[in-house]
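Nothing in this text is a laboratory measurement; each read-out follows from the coordinates by a stated rule. Only a predicted model underlies this, so the values are computations on that prediction, with no experimental measurement involved. Every residue, glycine among them, receives a Cβ derived from its backbone with ideal geometry; neighbour counts consider all protein chains shown.
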Amino acid sequence: EAATSSGGNSGMGGDFLYRWGNPDNYDTPGTQVIPAAVHDVRWIKPGRPNAGYLQFVNNSALGNTGTTIDAIDPPLNGYTYTRTPGQAFTPSTYDWRHVALTGNSGQSASDRMPDGNTFVAISNGYMYEVDTNGNVVWQYADGPQKAFRYTCDD
């Protein structure tokens, strides 16, 4: 079924179910544009604040001057996403944003923790966690280039 445009749970086979960030990529007018590569896209796990949002590292989100951790709430409806034909996928901009404490030069990672805090691992070996108000909980430099934080319940 993935080789065609029909079948599967969504009825769309192997076609893209959701695209966000640059409507020109799917021949649709719109203003949402992510200026650089997006890394580590993941759904925020059930039971955590903003569960179901897509969270990702957005390089050069601030006009080539910085990195952000962004999250969007995609319009999921069962196994498909709601979209008005001829219009860009929603939302038109991010729903949540954290400006990273330092820029990154490549792939980085982030994760929403059960308590609502956000873990960030920047590719230059800098890791930290911020609370829901953006306050630094802890930080560590000279670490690995990519890491994940596990809590007792993971």
At a Förster distance of 35 Å, what's the computed FRET efficiency of W43 paired with T102, Cβ-Cβ distance as r, to 0.05?
-> 0.85
Using the count of nearby Cβ atoms within 10 Å as a rough guide to exposure, how do T68, T4, T80 rank from fewest to most?
-> T4, T80, T68
Structure-derived P(r) over Cα pairs in 10 Å bins from 0, in percent - corresponding label in (i) 9, 28, 19, 18, 18, 7, 0; (ii) 11, 35, 33, 18, 4; (iii) 9, 34, 30, 18, 7, 1 | (ii)
Distance in nm between label sites at D142 and L76, each 7 Å beyond Cα in the beta-carbon direction?
-> 4.1 nm
Distance (nanometres) between label positions extended 7 Å along Cα→Cβ at Q32 and A2 | 2.4 nm
Point-charge dipole on Cβ atoms (K/R +1, D/E -1) for the range 34-140, about Cα centre, debye to 20 | 220 debye
